[in-house]
Amino acid sequence: MNRHALATAVTTLGLLGMVTPGFAQTKVPTEGPGSKPGYPGWYLQGTATDPEGPIPLESLTGKGELGTSSYARSILGQNFRGRGAGVPDEAPPAGGRGRRGGGPGAAGGGGTGCIKSPLCIFDGTVLGGVSDGIERVVWKATMGYTFAYPIKLPEGGGNVAAASVDSKDNIWVYQRNNATMPVLFKYRPDYQLLFAVDPALTNHAAPFRGHDMKVDAEDNAWTVDESGAIVQKFSPDGKLMLTIGTKGKRGDWDESKGQRLLWEPVAIDFGPNGDVYIFSSHADESPNDTDSGDPTNNIGLARVLRLDKNGKFISQWFGSDNGPGKFYSGHGGAVDPVTGDVWVGDRQNYRIVIFNADGRFLRTISMRNLPSALFFDKRKGPNFGDIWMATGQDGQILKLDRDGNVMGAIGSRKSIAPNHFSEAAFMGINSKGRFYVGDSQVPRVTELIPPAKNTAPR
């Protein structure tokens, strides 16, 4: 009996033991209506093996985005199957400490500390990116978007961390390639390559794992290197303007000491006034650094760092795990252009935690899917402020209202096949309403073309 079946059996027996004679046991629903009239309903869909087969091993090694980094060693070595399977000890809150220890693969392998979501328990067709036995909440895809793949990426390249669009509808792409290849590309609106940024500037020798990239209001592209612990700002013509953090030196930002390190940065966005928000970590102490003895790296908490557009420190605040105003992961972060509020995708806890621009807690929204990436439409016009969420391995892009209710859905299941997402990631949108979405398990950019008339509720 596998672990999923065993867990189900144990849970069922426990529930049966608690049923009072004469009372019927409640049946868990497997589908339901939308939150409001006109909103799509949901249903449970079991995970299936991708029809194209598992992702080739070579895409995860030297020819792909991982190379010989600690992350590659952790997922391809003995730690991969067990990553996140253990339950870590809780550290006392004194001194701002996060979690200690962790399950197999949490310490020393560069694992993400992904322990709370069932999707973090890797079984079955591991290298295919499938967690067998997981039933995912899927929303009825009613929005009528068409999938296309017009952007030609370099042969032999890795998966795509992010895509973004500038004010002229040029498309920037951030790809997980090895050190000999470019990783940052700029394409014209007709999909022809304008240029690839010089690899010497992107500084993506190992450790490197591109995670997010966004274009700001002045058409500069900002890249987020999670494993390399740096954020870089590039001009519209591909010149390096600014590097935040120290390459390969993960640690704490302590402005009082002049210590300006980043701790597993994973997402970036910009406030209405141009302030930069850097969202850090897959989880509290996900790299397991707080017991390392390194005095520059001992907080170990997911966090949000706020800087001005020139990289000058303004403020920061920390996740500190669970409870109101807390978050365990900073994975999907975005800034509301209407209010300036900061939305933190606390992925493993299936929730969005919202703060004002200064980090004051406002509210929490519980979600039925992983908030892997959040995106606000910042185009002037009727769609200004629309909210979109990539559900990662749930295989959908969702349109949300401001209470987190699902207004519409794009995509229908996790798959590496065309017209699906394997792991929908960070995205941008052009003046025609076309999305460009990175897929962090497949080397492609997905273009989503809206129907002539979008019937999704507003």
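Which fully enclosed strands (runs of 3 or more DSSP E) of the stretch 370-458 have 1 or more residues being more than 16 Å from the chain's Cα centre (by Cα)?
Numbers: elements: 373-376, 387-390, 397-400, 406-410, 424-429, 435-439, 445-449.
Result: 397-400, 406-410, 424-429, 435-439, 445-449.
What number of residues within the stretch 399-442 are surrounded by 16 or more Cβ atoms within 10 Å (Cβ to Cβ), under 22 Å from ILE352 (Cβ atoms) and basic (Lys, Arg)?
The total comes to 2.
If I filter the stretch 282-322 down to residues being touching a helix residue (DSSP H, G or I) at 6+ places or on another chain (Cβ under 7 Å) and part of a strand (DSSP E or B), which single residue comes out as surrounded by the most Cβ atoms within 10 Å (Cβ to Cβ)?
Taking the candidates together, the pick is PHE318.
Can ILE354 be described as touching a residue at least 12 places away in the same chain (Cβ under 8 Å) and assigned to a loop (DSSP other than H, G, I, E, B)?
In short, no.
For the stretch 443-458, what are the residues that are surrounded by fewer than 24 Cβ atoms within 10 Å (Cβ to Cβ) and touching a residue at least 40 places away in the same chain (Cβ under 8 Å)?
Result: PRO443, ARG444, GLU447, LEU448, ILE449, PRO450, PRO451, ASN454, THR455, ALA456, PRO457, ARG458.
Out of ALA200, ALA205, which single residue is surrounded by fewer than 19 Cβ atoms within 10 Å (Cβ to Cβ) and not in a loop (DSSP other than H, G, I, E, B)?
Answer to the check: ALA200.
Enumerate the strands (runs of 3 or more DSSP E) found wholly within the stretch 94-174, keeping only those where 1 or more residues are on the phi < 0 side of the Ramachandran plot and at pLDDT below 95.
In the stretch 94-174, 135-139 are the strands (runs of 3 or more DSSP E) which contain 1 or more residues that are on the phi < 0 side of the Ramachandran plot and at pLDDT below 95.
Scan the stretch 216-229 residue by residue and report those that are under 12 Å from TYR174 (Cβ atoms) and under 17 Å from the mean Cα position of the chain (by Cα).
From the stretch 216-229, those under 12 Å from TYR174 (Cβ atoms) are 221-226; that's our starting set.
TRP222, THR223, VAL224, ASP225, GLU226, listed by residue number.
The values are calculated or read from the model by the stated rules, or taken from the named source; none is laboratory data. Predicted, not measured: the structure shown is a model, and the values here were computed from it. Backbone-built Cβ (ideal geometry, glycine too); neighbour counts: all protein chains shown.
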